[in-house]
1. Which numbered condition in (1) more than 26 Å from Tyr94 (Cα to Cα); (2) open to solvent by 10 Å² or more (accessible area, probe 1.4 Å) is the only one that Lys520 fails?
2. Quick check, is His245 open to solvent by 10 Å² or more (accessible area, probe 1.4 Å), not assigned by TED's automatic domain parsing to the domain that holds Gly427 and not basic (Lys, Arg)?
3. If Thr164 meets every condition in (1) touching a residue at least 60 places away in the same chain (Cβ under 8 Å); (2) open to solvent by 10 Å² or more (accessible area, probe 1.4 Å) apart from one, which number is that one?
4. Taking Glu417 and the conditions (1) closer than 30 Å to Thr131 by Cβ; (2) without any contact (Cβ under 8 Å) to a residue 60 or more places away in the chain, which numbered condition does it fall short on, given that it satisfies the others?
5. Just one of Ile310, Ile278 is crowded, with 24+ Cβ neighbours inside 10 Å and over 23 Å from Ile56 (Cβ atoms); which is it?
6. What's the number of the only condition in (1) closer than 24 Å to Trp110 by Cβ; (2) touching a helix residue (DSSP H, G or I) at 6+ places or on another chain (Cβ under 9 Å); (3) modelled with pLDDT of 95 or more that Ile424 fails to meet?
7. I need every pair where a residue in region 18-46 that is farther than 24 Å from Leu335 by Cβ has its Cβ under 7 Å from the Cβ of a residue that is of a type in the set (Phe, Trp, Tyr), sequence separation at least 6 or different chains.
8. Given (1) open to solvent by 20 Å² or more (accessible area, probe 1.4 Å); (2) under 23 Å from the mean Cα position of the chain (by Cα), identify the lone condition not met by Leu231.
Amino acid sequence: MTLVKTPPPLSQEVDLSKTYDAVVVGSGAAGGMAAHVLTEQGMNVLMLEAGKKLPIEQELRSMQWPYDHPRRGDAPPGYHSLSFNEYTIRTPPYAKGSTFKHVMSYVGGWGGSDYVKNILVDEKDHPYTGTKYAWVRARALGGKTNIWGRLALRLSDYDFKGKTHDGYGEDWPISYADIQPYYDKVDLYLGISGVKENLPHLPDSLFQRPNKLTFGEVKLREGLKKMGRVLTPYRAGVTTDGLKHNKYRSKCYGRGACDRRPGGCDIHAAFDSPTGLIYPAMDTGHLTIRTNSIAHEVLVDKNTGKARGIGFIDTTTRKSYEAKAKVVIVAASTLESARLLLLSRSPQHPNGIGNSSGHVGHNFCEHVMGPGVTGLVKDMIGKPPTLDDGRPGGFYIPRFRNLKDKQPGFVRGYGFEGGGGFSIFPGNAFGTAGFGANFKKDVRDHAGAFIGMGGFGEVLARYENYMDLDPEEKDAWGIPTLRFHYQFGDNEKKMCEDMVVAGREMFEQAGIEVVGTDDKMLTEGWSIHELGTARMGNDPKTSVVNQFQQSHDVKNLFVVDGSTHVSASCQNPTWTIMALAWRSCEYLAGEFKKGNL
């Protein structure tokens with residue numbers, strides 16, 4: 001096993017008097033990829049991260065047993081995680097008036113709040129307003145890649161050319177052929193596990209060793225074959241064979257608490273931006289990082305209208321600074337990137353930089369989730385326990401609706417994520433009747449016999465779903481906050497109804513007893529897959545950036561995160577975000593060398 005080596009020191013001297021080749025705002029999947037590609041091309045890059053650099057292994061402690069923690073994983077008194085009911089009954093800002101000292105998003109309530117209390121933002125410092133929305137944010141070097149769910153999927157031309165396929169929305173200005181080489185680059189550089197299935201709507205990656213399916217998962221897979229559907233092992237952004245070119249990561253050995261959510265990976269077998277992208281970029285000698293730096297404005301040259309750098313606030317001293325650069329790359333995540341563009345108003349860009357179209361903040365989309373099914377695999381009752389929850393994931397069932405047929409009631413589709421087998425704690429114990437020896441035997445006998453899955457459906461991109469700046473509310477640093485105007489529509493509701501019906505049908509086909517279904521839709525934002533607030537396109541009147549994520553209005557401004565997605569698809573977006581960022585930054589570097597920026 002490769003030992004994880006000490007990361008390079010971040011206590012660099014940050015010279016703000018110099019002009020960098022590029023400044024990157026954000027250090028997550030998109031920002032990390034931008035830093036990797038640009039430094040490899042020899043460009044001198046300054047990265048600004050709003051959060052701090054955490055000793056992430058000390059935060060995650062993924063090898064720690066619950067009984068070795070003084071509160072079995074819970075945060076200390078004074079911390080509170082928002083619940084589904086709070087998101088449902090109340091309206092933002094959710095932490096306003098709370099008697100708790102610290103308030104976190106719902107992710108903190110997944111059963112290990114102490115492991116993420118320093119990663120997730122404090123909602124008291126970061127309010128937002130408007131319609132109901134469960135906004136999950138992580139301000140730390142690496143952002144949400146420190147705790148992401150690891151599902152790494154490709155999009156296909158069913159997604160990139162969705163309008164051509166079904167008539168709804170807009171096609172992307174690229175096709176799968178344009179991005180495939182960059183998906184391949186991401187696969188090889190970061191590592192991904194899985195099995196080839198040869199599906200046109202879910203293209204295969206260049207996979208490393210897959211994770212083994214459990215007995216119940218194999219049973220479901222065989223049942224679905226009779227329906228012409230596919231269950232594939234979880235396509236995880238995890239290196240299972242190791243990466244010889246990266247000294248900061250180790251291969252997965254299947255013994256961590258991957259099934260404990262929030263997760264994280266102490267040995268960095270699962271991709272995270274710092275060990276996967278940022279530390280190698282620092283080793284080139286071309287990357288400088290400044291943490292605790294909240295960007296609040298893209299600065300503009302008064303003579304040319306071009307971007308000249310970033311205005312930011314130091315979170316600890318609250319002093320304002322400027323970082324000068326020849327090219328500005330915004331990679332702060334979908335919502336924060338749109339917020340930064342809208343905040344960047346000037347005489348040259350009165351509606352916010354890059355917003356001559358009026359589309360910044362609009363066409364907001366994501367994934368709808370909530371409906372699911374739980375089943376009992378009777379053949380597993382009483383079987384001896386096996387180690388099943390050290391895997392980075394269970395299984396994925398790709399989209400099967402509206403491919404060749406037309407499903408009545410809704411367009412586009414959904415997939416299912418799920419898993420079965422033994423876990424660190426038998427969740428069935430809470431619903432098992434009785435007490436004493438018989439109760440314990442019943443819990444143990446059934447501990448590995450359950451299997452469950454939940455749907456992730458495409459939310460249609462609509463202009464009327466948007467966010468803007470609240471004219472009154474400000475965050476803890478005096479920066480205007482976001483205001484949401486966003487809700488699910490009839491298409492999402494009909495899709496969720498179908499998820500429950502289809503889930504039950506698939507379990508029954510496989511001979512798995514259905515013991516529970518869930519038909520409620522979770523609050524908007526629950527998927528943490530926000531997309532589309534600065535979409536790409538060929539027409540500057542209806543889009544914000546071109547196919548290389550370059551602003552139509554400001555040629556030395558690039559937006560390289562999920563905000564540029566034209567549609568959400570139903571596949572998790574992280575791998576696509578990084579493939580697009582790689583493609584765009586390669587183009588950026590070429591144009592920079594030619595003097596075109």
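1. (1)
2. no
3. For Thr164, the exception is condition (1).
4. (2)
5. Details: Ile278 fails: over 23 Å from Ile56 (Cβ atoms).
Unique residue meeting the criteria: Ile310.
6. (3)
7. Asp21/Phe592; Met43/Phe592; Asn44/Tyr20
8. Tallying (1) open to solvent by 20 Å² or more (accessible area, probe 1.4 Å); (2) under 23 Å from the mean Cα position of the chain (by Cα), Leu231 fails exactly one: (1).
The values are calculated or read from the model by the stated rules, or taken from the named source; none is laboratory data. A quick note: this is a predicted structure, and the numbers were derived from the prediction, not measured. Please note: Cβ atoms are built from the backbone with ideal geometry, for glycine as well, and neighbour counts cover all protein chains shown. Calculation scope for accessible area: heavy atoms of the full protein, side chains included, ligands and nucleic acids excluded. Shrake-Rupley method; radii C 1.70, N 1.55, O 1.52, S 1.80 Å.
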